[in-house]
Amino acid sequence: MIETTLDIQAIRKDFPILQREVNGHPLVYLDNAATSQTPQQVIDAIVDYYQRYNANIHRGVHTLSQEATDAYEAARQKIRKHFNIVHSHEVIFTSGTTQSINLVATGFNSFLKEGDEILVSAMEHHSNIVPWQMLCERTGAVLKVIPMNLEGELVMEEYHNLLTSRTKLVFCNHVSNALGTINPIKEIIEAAHKAGAAVLIDGAQAAAHIKADMQALDVDFYTVSAHKMCGPTGVGMLYGKEEWLKKLPPYQGGGEMIAEVTFEKTTYADLPHKFEAGTPNICGGIAFGAALDYMNSIGFDAIAQYEDELLHYATEQLLAIDGLKIYGTAAHKTSVISFNIEGIHPYDIGTIVDKLGIAVRTGHHCAQPIMDFYKIPGTVRASFSFYNTKDEVDKLVEGVTRAKNMLL
Ligand code: C6P
């Protein structure tokens with residue numbers, strides 16, 4: 001394994017929160033899959049917006065409004081460039097992945113009929129299950145599940161068998177939040193298109209680790225939450241191919257999304273505004289752009305390589321604990337480790353390590369079907385970012401060992 005060339009200690013200085021103590025111990029933040037931490041550069045962009053040019057966008061002729069509009073649209077351009085998207089109007093600002101998925105699911109109401117089929121992977125977050133179930137209830141379409149194996153990989157032969165002329169949509173995450181599996185989305189998209197189905201990829205867990213290329217993937221829809229990639233909460237994006245976004249009806253009605261309104265009839269604005277009703281999270285959008293700048297200044301290849309190093313080190317160290325079992329052992333994984341120790345509830349481990357300043361997530365991770373598959377109530381999930389260190393992995397291992405000795 002190649003050692004990283006990143007200066008991790010210098011990077012850590014960009015994150016003020018990493019200097020704090022929790023319960024009398026230096027914070028060890030290993031809940032990055034839930035929400036990543038925010039570098040000073042992004043905090044500065046937020047402060048700068050509120051200190052210098054806080055104003056509504058696309059509406060005012062005054063200078064502040066124009067400055068805010070320019071910064072917001074510049075952020076859209078940064079997103080376009082980062083994800084190699086053809087048109088900036090294919091970037092829709094949303095409040096995050098959940099809203100992005102609901103926008104598409106609601107929009108498909110009029111495109112589905114009874115008996116049509118929707119395929120969804122067995123390792124989805126609830127936000128990529130429930131909106132489709134609701135869509136099926138409204139339209140009479142049928143939800144079918146692409147199964148996974150014990151390693152936490154999709155059974156691709158089954159996927160190919162499930163695809164038929166009845167399949168209209170396929171939904172899958174790029175990376176599983178509970179297992180870390182990187183799914184073969186290129187193969188999934190190509191096969192779905194051959195069968196005449198559209199594909200939505202939930203990129204919530206991938207975007208902080210993999211620079212996804214919308215044109216190379218040829219995906220129809222892709223979703224991202226900024227707060228998982230060094231940005232603020234409450235903002236994200238929906239990428240949609242122009243042809244789809246033109247066909248889908250507006251998601252919400254209100255200001256900004258209209259061309260003309262009379263009491264008899266309303267016509268809608270062009271893309272992207274058709275899907276951006278009301279005053280958006282202006283500051284959040286600008287800060288999302290700053291987060292992309294920050295992560296790109298470090299470099300996604302270097303990030304992925306270092307996180308892989310952390311993943312392998314942490315996997316090895318954790319497996320040395322007797323009775324510890326890792327869920328999700330796919331060949332291609334991001335830096336997420338879900339585990340349990342026989343005879344101990346994950347919640348108890350999470351509570352004890354928190355007393356040592358270590359933040360991990362415990363529970364079903366909003367992915368109950370995965371827990372049902374493994375017949376467990378939940379897991380302890382440690383998720384690593386490029387600002388974590390091997391020293392922090394050691395602290396996790398010590399903490400988990402201590403919890404085990406206390407509880408067994
Ligand atoms: N997963 C986790 O701890 P929002 O909340 O809209 O930003 O993202 C929802 C979402 C959708 N898909 C995947 C794969 C996700 O991981 C998440 C969020 C967090 O795993 C919080 S539940």
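The values are calculated or read from the model by the stated rules, or taken from the named source; none is laboratory data. All values reported here derive from a predicted model rather than from experimental measurement. Heads up, the Cβs are rebuilt from the backbone with ideal geometry, glycines too, and the neighbour counts pull from every protein chain shown. Remember, those area values only see protein heavy atoms, side chains included, never the ligands or the DNA or RNA. Shrake-Rupley method; radii C 1.70, N 1.55, O 1.52, S 1.80 Å.
A few remarks follow.
- Taken over segment 41-58, the criterion of being more than 17 Å from G234 (Cα to Cα) and either open to solvent by 70 Å² or more (accessible area, probe 1.4 Å) or in a strand (DSSP E or B) (or both) is satisfied by Q41, D44, Q51, R52, N54.
- Neighbours by Cβ (under 7 Å, 6+ apart or cross-chain): first from segment 8-22, within 15 Å of T35 (Cα to Cα); second assigned to a helix (DSSP H, G or I): L18/R12
- Verdict on L154 being surrounded by 22 or more Cβ atoms within 10 Å (Cβ to Cβ), assigned by TED's automatic domain parsing to the domain that holds M237 and within 23 Å of the chain's Cα centre (by Cα): yes
- Screening V22 on (1) over 26 Å from N177 (Cα atoms); (2) over 26 Å from the mean Cα position of the chain (by Cα); (3) surrounded by 11 or more Cβ atoms within 10 Å (Cβ to Cβ) shows it passes everything except condition (1).
- Within segment 100-117, considering residues that are of a type in the set (S, T, N, Q) and surrounded by 17 or more Cβ atoms within 10 Å (Cβ to Cβ), the one nearest to the chain's Cα centre (by Cα): S100
Matching residues to (1) without any contact (Cβ under 8 Å) to a residue 40 or more places away in the chain; (2) farther than 26 Å from V224 by Cα:
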residue	(1), (2)
P250	yes, no
G255	yes, no
P272	no, no
F275	no, no
G278	yes, no
N281	no, no
G289	no, no
A314	no, yes
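- Selection count, segment 6-29, where residues are more than 20 Å from G231 (Cβ to Cβ) and outside any loop (DSSP other than H, G, I, E, B): 9
- Which numbered condition V61 fails, given (1) among the hydrophobic types (A, V, I, L, M, F, W, C); (2) within 16 Å of the ligand (Cβ to nearest atom); (3) surrounded by fewer than 16 Cβ atoms within 10 Å (Cβ to Cβ): (2)
- The one condition in (1) touching a Cys at 6+ places or on another chain (Cβ under 9 Å); (2) within 16 Å of the ligand (Cβ to nearest atom); (3) among the small types (G, A, S) that G96 fails to fulfil: (1)
- Only one of the listed residues (A195, A226, A206) is in contact with a strand residue (DSSP E or B) (Cβ under 8 Å, 6 or more places away or on another chain), modelled with pLDDT of 95 or more and more than 16 Å from the ligand (Cβ to nearest atom). That residue is A195.
- For segment 103-137, residues that are within 12 Å of the ligand (Cβ to nearest atom) and within 20 Å of G253 (Cα to Cα) total 2.
- At least 3 residues being out of contact with any Pro (no Cβ under 8 Å at 6 or more places or on another chain) and open to solvent by less than 30 Å² (accessible area, probe 1.4 Å) is the threshold, and among the strands (runs of 3 or more DSSP E) wholly inside segment 299-408 those reaching it are 324-327, 336-341, 379-383.
- Of all residue pairs spaced 6 or more apart or on separate chains, those with beta-carbon atoms under 7 Å, a first member in segment 101-125 that is farther than 22 Å from D372 by Cβ and a second member that is within 13 Å of the ligand (Cβ to nearest atom) and β-branched (V, I, T) are L103/T94.
- Within segment 165-188, the set of residues being of a type in the set (S, T, Y), more than 15 Å from the ligand (Cβ to nearest atom) and touching an Asp or Glu at 6+ places or on another chain (Cβ under 7 Å) comprises T167 only.
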